[in-house]
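What follows is one structure encoded as structure tokens, with my remarks underneath.
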Amino acid sequence: MQQASLFRTLGQTLERRLPLLVVSPLFSLSLFFVYGFIAWTAYISLTKSGVMPVYTFDGLAQYERLWDTPRWYVALKNLFIFSSLFIGISMAIGILLAILLDQHIRLEGMIRTIYLYPMALSFIVTGTVWKWILNPGLGIEHLMRQAGFENFTFDWLVNSDFAIYTVVIAAVWQSSGYAMALFLAGLRSVDDEILKAAAIDGARPWRVYTGIVLPILRPVFLSTVIILAHLAIKSFDLVVALTGGGPGYATDMPATFMYAFAFQRSELGVAAASAVMMLMTVTAIIVPYLYSELRGTRK
Amino acid sequence: MAEGIRLQSVRKFFGANEVIKGIDLEIEPGEFVVLVGPSGCGKSTLLNLIAGLETLSGGDVFIGDEKVNTTPPRDRDIAMVFQSYALYPTKTVRQNITFGMETRRIPKARQEEAVTEFTRLLQIDRLLDRKPGQLSGGQRQRVAMGRALVRNPAVFLFDEPLSNLDAKLRIEMRTEIKKLHQRLGKTVVYVTHDQIEAMTLATRIAVMDNGHIRQVADPGTIYENPADLFVAGFMGSPPMNMIRGRLLRDGGLRVAPDGDEDGLLFPLPEDEAARIAAPEGHKVVLGLRPETIFAAGTELPGPDRYIFERRVEVVEPTGPDTMIVFQIGGQDVIARVRPEDARATGTPFSFEVDMGKAKLFDAATGKRL
Amino acid sequence: MRQRTTSGIVRPSGPGAVLLRGLLFAVLALFCLYYLVPLFVMISTSLKSLEEIRAGTFLSPPRAVTFEAWGKAWNAACVGVRCDGLEPYVWNSVLMTVPAVAISTILGALNGYALTKWRFPGADIIFALILFGAFIPFQVILLPMARTLGQLGLAGTVPGLILVHTVYGLAFTTLFFRNFFVGVSDGIMQAAKVDGAGFFGIFFGIVLPMSLPAIVVTVIWQFTQIWNDFLFGVAFTVGDSNPVTVALNNVVNTSTGVKEYNVDMAAAIIAGLPTLLVYVVAGAYFVRGLSAGAVKG
């Protein structure tokens with residue numbers, strides 16, 4: 001008798017704890033593979049690791065080495081240039097296209113599909129295609145010369161000073177449709193009656209957008225910037241496919257830097273340090289944003 | 001300076017769906033016309049057509065003497081208050097109210113005057129620097145009205161402005177709107193599904209159903225002289241009792257209710273009997289408002305009364321009155337009696353009905369006979 | 001997206017308005033070209049012979065269509081030392097993607113369900129922690145993962161990639177399902193509990209069947225992310241176990257021999273076709289995935 005009720009209580013406790021039991025292994029996976037690994041990488045960045053990981057604590061020596069490497073500065077500079085241009089231009093195109101598409105176009109669905117399809121492609125595919133289009137000698141340069149502009153040169157792809165801009169071009173092509181989609185969704189969420197009131201108040205379409213609609217969309221601006229910034233920081237595939245980090249390391253970015261030092265130059269400590277720097281940057285941007293979003297939804 | 005409105009053969013299609021089916025309506029300057037009807041009857045669409053927020057599929061709209069079919073809303077000399085108030089969420093109350101004036105390049109001084117005058121009138125002058133998110137529903141409604149008032153238009157349009165307010169606030173605002181109309185004398189077109197709002201606010205009511213206007217008249221006429229079954233059933237709460245039956249001519253016009261086994265025969269007054277030409281046996285609907293049926297002998301005697309006895313089925317006290325539900329030929333009928341006259345369920349009850357107030361409708365067409 | 005009711009507003013007509021509308025269409029059409037030209041270039045170049053490529057420009061359509069480059073890309077192109085074309089690597093990608101998508105989706109659904117429909121202490125914190133995992137730069141786990149895969153004997157194998165993609169896909173799938181389930185009324189849960197159903201009973205019997213939209217969005221998103229991935233592929237596999245994206249990059253970036261641009265383009269199309277097809281067929285769900293990933297709460 002007592003045994004039966006014991007089993008029953010056990011069963012009930014199990015049942016109550018079941019959600020936790022189900023989530024726990026999955027969460028533990030997350031814990032191990034994400035936070036455990038982050039901790040490992042962070043620790044390695046504080047050790048004397050070179051070709052192999054070594055666990056002797058070395059303070060911030062690897063970080064000193066990192067910041068002593070000129071290539072790291074190139075990577076950071078490229079990241080800055082790339083991010084500002086990429087985010088700025090993508091947002092500008094995104095807002096423009098979203099506003100245009102909001103004007104009751106009959107073919108809107110098809111046009112939206114066309115604007116967004118690049119997002120479905122791998123960055124490697126994008127990089128490959130644009131590498132061909134921007135090919136010095138056979139790409140745009142050749143086209144322009146055939147069209148009559150005899151002295152037109154477009155060798156950005158192999159030009160140390162300009163190569164980073166080719167990455168911007170390809171990245172904007174891939175992701176501006178995404179910015180457009182986000183803004184269009186935002187525009188559509190504005191209450192129709194507000195637009196009707198504005199129509200009666202007599203505002204011209206331009207004024208309606210700048211004075212009423214876009215201020216309402218301030219949160220969408222923010223989340224789009226955050227998402228694009230996040231994409232920018234992680235840029236690895238595109239750079240590898242388009243320029244290979246070159247010429248030399250002229251288009252190096254923190255992601256390619258880390259990969260080179262980890263798997264090619266086998267300087268694990270420096271690689272780990274660069275990875276930690278990337279993580280800190282992303283955290284600084286993402287965490288406040290996630291916090292405010294999650295707090296909003298819990299209400 | 002108020003203007004009249006004229007709708008001529010107005011039609012509206014949404015795709016293949018005909019939502020407004022050829023409407024004619026004349027609104028005199030200064031009138032308060034209420035468009036009332038059930039959901040989907042097209043009243044909001046009609047209002048939008050007047051405002052220019054929907055394009056006409058057919059017919060013409062005139063505001064004053066001007067045909068405004070292709071005039072954009074901003075140029076129609078109208079102002080509108082929306083159901084959801086439609087305030088600009090990122091602007092302060094003051095900016096919300098002055099936005100339209102800015103667009104029309106009205107000098108700042110005049111803008112300030114208008115803002116002061118109307119916000120004081122609507123008692124929102126202390127809220128000028130708040131944003132809509134910081135206001136209550138009633139306050140937002142007043143701001144929406146203020147925005148409309150400062151336009152000083154020829155016509156005011158209201159699209160169910162009180163639907164989002166709680167009952168008590170709704171009654172308060174109703175009175176305010178009525179006072180404003182009396183004070184300003186502008187033409188108002190007001191849409192609502194609430195027939196009490198319609199009755200209390202309107203100088204004339206247009207009852208709409210399924211894209212048509214069934215009747216346009218002042219509230220009294222709509223209530224006492226409904227043109228058909230729909231209008232009679234829509235206006236009035238609790239609704240008019242509709243008793244199906246046949247006409248009998250045996251020394252007077254009487255209605256014999258369908259399915260009745262107790263020999264009830266409702267006699268119609270002589271002038272009605274003389275007026276109505278329908279033959280014996282004609283299928284009719286007898287309309288009796290609950291307040292015309294009361295406990296026998298509790299009112300001063302009068303002509304055209306009919307007394308009959310029925311069993312009480314349900315008793316519904318409402319406070320000032322008590323509703324008694326009984327049956328005639330299987331149909332439920334509601335009578336309104338004083339609370340002290342009510343009897344318990346199941347007991348026989350003597351009802352007296354004032355047949356002078358009865359309305360007779362053709363059962364097939366629904367039209368008033 | 002909700003249907004607008006503002007399309008009927010009477011607007012001023014006249015030459016000015018018509019001109020503006022014309023300008024609108026012109027700009028939209030221009031951008032259509034901008035996005036479509038690279039696709040056109042990719043296809044047309046892959047159908048040309050090398051001589052034609054050198055003779056014309058990258059915009060000129062092929063005069064003599066030839067599928068030679070396609071054949072080469074599929075089974076003769078050299079990826080490193082192996083010259084069997086992209087075919088084996090496509091199969092690698094398939095073998096990697098399908099299980100990873102399936103597992104991460106199911107587990108994400110379970111996670112999202114447990115986190116939203118069964119209040120237990122710490123659910124919100126756990127969700128936040130899982131969520132953050134979706135946004136980390138993966139550089140920060142590359143080194144330890146490489147070591148772990150080595151220790152598990154999965155280094156340089158497709159199953160290793162399956163593990164990696166499943167684990168790191170879990171954050172996104174949990175996010176999608178959690179956002180979806182938040183919108184499902186708790187009333188359904190309560191009715192089911194009153195009816196006597198338990199945790200798994202409700203999941204398999206009621207919740208999963210009604211989450212079809214979320215499942216579709218998640219599967220499409222995961223398929224696209226995993227198939228298109230390059231970083232994990234290049235870091236954790238070598239040679240024969242490469243997914244098609246890594247193989248593509250190797251084909252294009254070989255420094256030996258003559259650059260065969262038509263083969264490069266054909267290879268790019270082969271690598272990109274699956275996700276492109278999924279997009280064309282189920283684009284609406286893809287868009288929903290994009291917006292859900294933007295954490296609109």
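The values are calculated or read from the model by the stated rules, or taken from the named source; none is laboratory data. All of these numbers come straight from a predicted model, not from anything done at the bench. Using ideal geometry, Cβ is built from the backbone for each residue, glycine included, and neighbour counts are taken over all protein chains shown.
Which of the residues that make up region C:129-168 are more than 11 Å from every other protein chain (Cβ to nearest Cβ) and either among the small types (Gly, Ala, Ser) or on the phi > 0 side of the Ramachandran plot (or both)?
The answer is C:Gly150, C:Gly153, C:Ala155, C:Gly156, C:Gly160.
Taking the condition outside any helix (DSSP H, G or I), basic (Lys, Arg) and either under 30 Å from C:Val278 (Cβ atoms) or in contact (Cβ under 8 Å) with a residue 60 or more places away in the chain (or both), does A:Arg112 pass?
It is false that A:Arg112 is outside any helix (DSSP H, G or I), basic (Lys, Arg) and either under 30 Å from C:Val278 (Cβ atoms) or in contact (Cβ under 8 Å) with a residue 60 or more places away in the chain (or both).
Test of understanding: among B:Ala277, B:Ala358, B:Ala363, B:Ala342, which residue is of a type in the set (A, V, I, L, M), surrounded by 15 or more Cβ atoms within 10 Å (Cβ to Cβ) and free of Cβ contacts under 8 Å to residues at least 60 places away in the same chain?
Exactly one residue qualifies, and that residue is B:Ala342.
If you check A:Ile124 against the conditions, is it at pLDDT 85 or above and away from chain C (no Cβ under 12 Å)?
No: the conditions fail for A:Ile124.
Which ones in region B:125-174 are among the β-branched types (Val, Ile, Thr), closer than 13 Å to B:Arg94 by Cα and not in a helix (DSSP H, G or I)?
B:Val150 - this is the single residue of region B:125-174 that is among the β-branched types (Val, Ile, Thr), closer than 13 Å to B:Arg94 by Cα and not in a helix (DSSP H, G or I).
Between a residue in region C:261-285 that is at negative phi and any residue that is of a type in the set (Lys, Arg), which pairs come within a Cβ distance under 8 Å, given they are 6 or more apart or on different chains?
C:Asn262/C:Lys48; C:Val263/C:Lys72; C:Ala266/C:Lys72
Those residues that are surrounded by fewer than 17 Cβ atoms within 10 Å (Cβ to Cβ), at the interface with another protein chain (Cβ under 7 Å from one of its Cβ atoms) and not in a loop (DSSP other than H, G, I, E, B), I need them from region B:53-105; list them, please.
Correct list: empty.
Do any residues in region C:170-197 that are closer than 25 Å to A:Leu29 by Cβ have Cβ atoms under 9 Å from those of residues that are of a type in the set (Ser, Thr, Tyr) and surrounded by fewer than 18 Cβ atoms within 10 Å (Cβ to Cβ), where the two are at least six apart or on different chains, and which pairs are they?
C:Asn179/A:Thr297; C:Val182/A:Thr297
Restricted to region B:300-314, and to residues that are more than 18 Å from B:Ala358 (Cα to Cα) and basic (Lys, Arg), which residue is surrounded by the fewest Cβ atoms within 10 Å (Cβ to Cβ)?
Within region B:300-314, the match that is surrounded by the fewest Cβ atoms within 10 Å (Cβ to Cβ) is B:Arg311.
Would you be able to say whether some residue in region C:66-89 is at pLDDT 90 or above, closer than 30 Å to C:Asn242 by Cα and away from chain B (no Cβ under 14 Å)?
Taking every residue of region C:66-89 in turn, at least one turns out to be at pLDDT 90 or above, closer than 30 Å to C:Asn242 by Cα and away from chain B (no Cβ under 14 Å).
Residue-by-condition table, conditions (1) farther than 19 Å from C:Val252 by Cα; (2) not in a loop (DSSP other than H, G, I, E, B); (3) not aromatic (Phe, Trp, Tyr):
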| position | (1), (2), (3) |
| --- | --- |
| C:Arg4 | yes, no, yes |
| C:Pro12 | yes, no, yes |
| C:Val18 | yes, yes, yes |
| C:Gly22 | yes, yes, yes |
| C:Phe40 | no, yes, no |
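With B:Arg246, B:Arg214 as the choices, which residue is assigned to a strand (DSSP E or B) and surrounded by fewer than 18 Cβ atoms within 10 Å (Cβ to Cβ)? It would help to see each step written out before you state the result.
Working: B:Arg214 fails: surrounded by fewer than 18 Cβ atoms within 10 Å (Cβ to Cβ).
Just a single option satisfies the conditions, and that option is B:Arg246.
Can you list residue pairs whose Cβ atoms sit under 8 Å apart, with the first residue in region B:241-262 being free of Cβ contacts under 8 Å to residues at least 24 places away in the same chain and the second being basic (Lys, Arg)? Count only pairs 6 or more apart in sequence or on different chains.
Hits for this filter: B:Ala256/B:Arg246.
Within region B:113-151, work out how many residues are in contact (Cβ under 8 Å) with a residue 12 or more places away in the chain and either among the acidic types (Asp, Glu) or out of contact with any strand residue (DSSP E or B) (no Cβ under 6 Å at 6 or more places or on another chain) (or both). Spell out how you get there, then give the answer.
So the first thing to find is which residues in region B:113-151 are in contact (Cβ under 8 Å) with a residue 12 or more places away in the chain, and the list is B:114-115, B:118-119, B:121-124, B:127-133, B:135, B:137-151.
From what is left, the residues that are either among the acidic types (Asp, Glu) or out of contact with any strand residue (DSSP E or B) (no Cβ under 6 Å at 6 or more places or on another chain) (or both) are B:114-115, B:118-119, B:121-124, B:127-133, B:135, B:137-143, B:146-147, B:149-150.
Residues flagged as in contact (Cβ under 8 Å) with a residue 12 or more places away in the chain and either among the acidic types (Asp, Glu) or out of contact with any strand residue (DSSP E or B) (no Cβ under 6 Å at 6 or more places or on another chain) (or both) within region B:113-151 amount to 27.
Return the total of residues in region A:209-235 being crowded, with 19+ Cβ neighbours inside 10 Å and within 11 Å of chain B (Cβ to nearest Cβ).
5
Between A:Val287, A:Val282, A:Val220, A:Val208, which is in contact with a Pro (Cβ under 7 Å, 6 or more places away or on another chain), at pLDDT below 90 and in a helix (DSSP H, G or I)?
A:Val282
I need a count of the residues in region B:315-327 that are in contact (Cβ under 8 Å) with a residue 24 or more places away in the chain and loosely packed, with under 12 Cβ neighbours inside 10 Å.
1
Please state which of the following conditions B:Gly281 fails to meet, knowing it meets all the rest: (1) at pLDDT below 85; (2) assigned to a loop (DSSP other than H, G, I, E, B); (3) of a type outside the set (Asp, Glu).
(1)
Look through region C:241-258, keep the residues that are small (Gly, Ala, Ser) and part of a loop (DSSP other than H, G, I, E, B), and return whichever of them is modelled with the lowest pLDDT. Give the steps one after another, and end with the answer.
If we filter region C:241-258 for residues that are small (Gly, Ala, Ser), which is where we start, we get C:241, C:247, C:255, C:257.
Subsequent filtering for residues that are part of a loop (DSSP other than H, G, I, E, B) retains C:255, C:257.
On the way: C:Ser255: 65, C:Gly257: 71.
In this case the residue turns out to be C:Ser255.
Suppose the filter is β-branched (Val, Ile, Thr) and more than 9 Å from every other protein chain (Cβ to nearest Cβ); does A:Thr166 pass it?
Spelling it out, A:Thr166 is indeed β-branched (Val, Ile, Thr) and more than 9 Å from every other protein chain (Cβ to nearest Cβ).
Here are some residues: C:Ile226, C:Ile206. Which one is buried (at least 17 other Cβ atoms within 10 Å of the Cβ), within 12 Å of chain A (Cβ to nearest Cβ) and either in contact with a Phe, Trp or Tyr (Cβ under 8 Å, 6 or more places away or on another chain) or aliphatic (A, V, I, L, M) (or both)?
Details: C:Ile206 fails: within 12 Å of chain A (Cβ to nearest Cβ).
Result: C:Ile226 is the single residue among C:Ile226, C:Ile206 that is buried (at least 17 other Cβ atoms within 10 Å of the Cβ), within 12 Å of chain A (Cβ to nearest Cβ) and either in contact with a Phe, Trp or Tyr (Cβ under 8 Å, 6 or more places away or on another chain) or aliphatic (A, V, I, L, M) (or both).
Which of the residues belonging to region B:323-362 are touching a Ser or Thr at 6+ places or on another chain (Cβ under 7 Å), closer than 22 Å to B:Ile222 by Cα and assigned to a strand (DSSP E or B)?
Within region B:323-362, B:Val353, B:Asp354 meet the criteria.
Answer yes or no as to whether B:Arg120 is loosely packed, with under 13 Cβ neighbours inside 10 Å, assigned by TED's automatic domain parsing to the domain that holds B:Phe158 and assigned to a helix (DSSP H, G or I).
yes
Of the residues A:Ser90, A:Ser28, A:Ser5, A:Ser49, which is surrounded by 14 or more Cβ atoms within 10 Å (Cβ to Cβ) and part of a helix (DSSP H, G or I)? First the steps, then the outcome.
Working: A:Ser28 fails: surrounded by 14 or more Cβ atoms within 10 Å (Cβ to Cβ); A:Ser5 fails: surrounded by 14 or more Cβ atoms within 10 Å (Cβ to Cβ); A:Ser49 fails: part of a helix (DSSP H, G or I).
Going through A:Ser90, A:Ser28, A:Ser5, A:Ser49 in turn, just one is surrounded by 14 or more Cβ atoms within 10 Å (Cβ to Cβ) and part of a helix (DSSP H, G or I): A:Ser90.
Let's see how each residue does on (1) farther than 20 Å from C:Arg119 by Cα; (2) of a type in the set (Phe, Trp, Tyr):
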| position | (1), (2) |
| --- | --- |
| C:Arg178 | no, no |
| C:Gly187 | no, no |
| C:Phe199 | no, yes |
| C:Pro213 | yes, no |
| C:Val217 | yes, no |
| C:Trp227 | yes, yes |
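Quick one: A:Pro288 ticks every box in (1) within 14 Å of chain B (Cβ to nearest Cβ); (2) more than 24 Å from A:Trp173 (Cβ to Cβ); (3) not β-branched (Val, Ile, Thr) bar one, so which box is it?
Single failed check for A:Pro288: (1).
Tell me which helices (runs of 4 or more DSSP H) are completely within region C:121-240 and hold 2 or more residues being over 24 Å from the mean Cα position of the chain (by Cα) and not aliphatic (A, V, I, L, M), or say none if there are none.
C:139-151, C:186-194, C:199-202
Going residue by residue through region C:200-208, is there one that turns out to be in the same structural domain as C:Ile269 (by TED's automatic domain parsing), touching a Leu at 6+ places or on another chain (Cβ under 6 Å) and of a type outside the set (Ser, Thr, Tyr)?
Checked region C:200-208: no residue is in the same structural domain as C:Ile269 (by TED's automatic domain parsing), touching a Leu at 6+ places or on another chain (Cβ under 6 Å) and of a type outside the set (Ser, Thr, Tyr).
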